[in-house]
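Participant: Sending over a structure as structure tokens; questions will come in a sec.
The values are calculated or read from the model by the stated rules, or taken from the named source; none is laboratory data. Not measured: the values here are computed from a predicted model. Here the Cβ positions follow ideal geometry from the backbone for every residue, glycine too, while neighbour counts run over all protein chains shown.
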Amino acid sequence: MAQAEAVADLIASGTETSARLAGRTLNGDLSRRISALVEEMIRLRTYIEAKLDFPDEEIDDRADGIIMRDIDSLLERLEAIHSSARQGYLVREGIRVVIAGPPNVGKSSLLNALTGSEAAIVTPIPGTTRDLLHQEIQIDGLPLHITDTAGLRHAPDLVEREGIRRARDQIASADAILWIIDDSHGNDEPEPHLQGLGLPMNAHLILIRNKIDLSGRPPGLTRLPDHLEIALSALDGTGLNTLRTALKEIAGYRESTEGTFLARRRHLDALHKAQIAIQQARAMLKGKGAAEFIAEELRLAHRALGEITGEFTPDDLLERIFSSFCIGK
Ligand SMILES: Nc1nc2c(ncn2[C@@H]2O[C@H](COP(=O)(O)OP(=O)(O)OP(=O)(O)O)[C@@H](O)[C@H]2O)c(=O)[nH]1
Ligand SMILES: [Mg+2]
């Protein structure tokens, strides 16, 4: 199943990195690692279930300690696969970055600087941007979906008000928000603007002090307790590389894709389900819980992993996956 998905991913891959990772998944890297794990799990399940079904037989009495060791080893390997899969998921999906802030601070200029294009209209008139503008770039293989938005202010104009409403919608679903302020307006404190913005829970915030060519502040990054601050100039490009590096960092992106494979949301979900079940089994073993329950958790974990390789994939899911192929279904 995972290999079939890799064919679709290879066709759809937008970057060299994602094509390479899709190729690796196609070769069966993910499936092999999952199968090896499943083998180990089957051994453990066979043992526990045999004891359950034939309590009177002399089955070599493995101490709980050894079962615990086996469970720990399963968890450890699962964690390693999960971490590779998360990297692969990043390469496949990228992150959503929204550029927001008050009018005229240089949001559109920053979009243009990052994309190296004149995609957005830039003028000295506050309220220039009204529609959302979406652009795709990649930084060392990490795809970024960037959106430039209308400057947030109390606008009398109907069109601009709608633009501001859309900007707020975008902010609500972003992975990272670049909140821009004009550093040449010395007394422009960012906090009043940020309050009441309703930043999404998991989103990362980077406060950008723009126009340092005017303010004279040196470029660079400051780490604050709940966000990063970067001083740069969208006009001459000073400090842009610091921003690029920071974006990779908050995404949790590692440049080395050694051992990584292109993963989908459903792979991550299945790996997570398996992890939870095995952790439950471990907790029960530790609390001297009934073997039936331990066996049941291991069965659930086995099933979750089977969903990745296709062994236990429900029909409707199979249909959905294959309907995404654009050729020769
Ligand atoms: N000196 C200097 N000027 C800048 C810089 N960035 C933007 N500007 C200027 O600031 C003005 C506003 O830039 P925009 O990029 O349109 O600002 P915006 O935040 O998109 O504005 P709205 O769309 O109206 O909200 C333009 O005249 C830009 O040339 C910078 O780093 N340095
Ligand atoms: Mg603009």
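Participant: If only one of Leu285, Leu262 is crowded, with 18+ Cβ neighbours inside 10 Å, of a type outside the set (Lys, Arg) and closer than 30 Å to Lys51 by Cβ, which one is it?
Facilitator: Result: Leu285 is the single residue among Leu285, Leu262 that is crowded, with 18+ Cβ neighbours inside 10 Å, of a type outside the set (Lys, Arg) and closer than 30 Å to Lys51 by Cβ.
Participant: For Glu57, only one of the following conditions fails: (1) surrounded by 14 or more Cβ atoms within 10 Å (Cβ to Cβ); (2) at pLDDT below 90. What is its number?
Facilitator: Result: Glu57 passes all but (1).
Participant: Can you name the residue in region 93-121 that is of a type in the set (A, V, I, L, M, F, W, C) and surrounded by fewer than 18 Cβ atoms within 10 Å (Cβ to Cβ) and is also farthest from ligand 1 (Cβ to nearest atom) among such residues?
Facilitator: Per the criteria, the residue is Ala119.
Participant: Hey, can you tell me all the residues within region 237-253 that are surrounded by fewer than 17 Cβ atoms within 10 Å (Cβ to Cβ) and either of a type in the set (D, E, K, R) or closer than 21 Å to Leu10 by Cα (or both)?
Facilitator: Arg244, Glu249, listed by residue number.
Participant: On the basis of being farther than 30 Å from His267 by Cβ and either among the hydrophobic types (A, V, I, L, M, F, W, C) or outside the structural domain of Ala277 (by TED's automatic domain parsing) (or both), does Val98 make the cut?
Facilitator: no
Participant: Follow-up. Working carefully through the options Gly106, Gly94, Gly127, Gly101, find the one that is small (Gly, Ala, Ser) and out of contact with any strand residue (DSSP E or B) (no Cβ under 8 Å at 6 or more places or on another chain).
Facilitator: Gly127
Participant: Moving to a separate point now. What helices (runs of 4 or more DSSP H) completely inside region 211-288 contain at least 3 residues that are within 16 Å of ligand 1 (Cβ to nearest atom) and not β-branched (Val, Ile, Thr)?
Facilitator: Filter on region 211-288 gives 212-215, 240-251.
Participant: Restricting to region 134-168, give me the number of residues that are in contact with a Ser or Thr (Cβ under 9 Å, 6 or more places away or on another chain) and away from ligand 2 (no atom under 16 Å from the Cβ).
Facilitator: The total comes to 8.
Participant: While we're on this one: Could you count how many residues in region 135-158 are closer than 24 Å to Leu21 by Cβ and either more than 30 Å from the chain's Cα centre (by Cα) or surrounded by 13 or more Cβ atoms within 10 Å (Cβ to Cβ) (or both)?
Facilitator: Final tally of qualifying residues: 10.
Participant: Another question, then. Give Asp131, Asp183 a once-over and let me know the one that is under 18 Å from Ala246 (Cβ atoms), of a type in the set (Asp, Glu) and either surrounded by 20 or more Cβ atoms within 10 Å (Cβ to Cβ) or within 14 Å of ligand 2 (Cβ to nearest atom) (or both).
Facilitator: Going through Asp131, Asp183 in turn, the sole match is Asp183.
Participant: Among the listed residues Val91, Val105, Val97, which satisfies the condition of being assigned to a strand (DSSP E or B) and not polar (S, T, N, Q)?
Facilitator: Val97
Participant: If you check every pair at least six apart or on different chains, which have Cβ atoms under 8 Å apart with a residue in region 111-122 that is closer than 14 Å to Asp236 by Cα first and a residue that is acidic (Asp, Glu) and buried (at least 19 other Cβ atoms within 10 Å of the Cβ) second?
Facilitator: Leu111/Asp148
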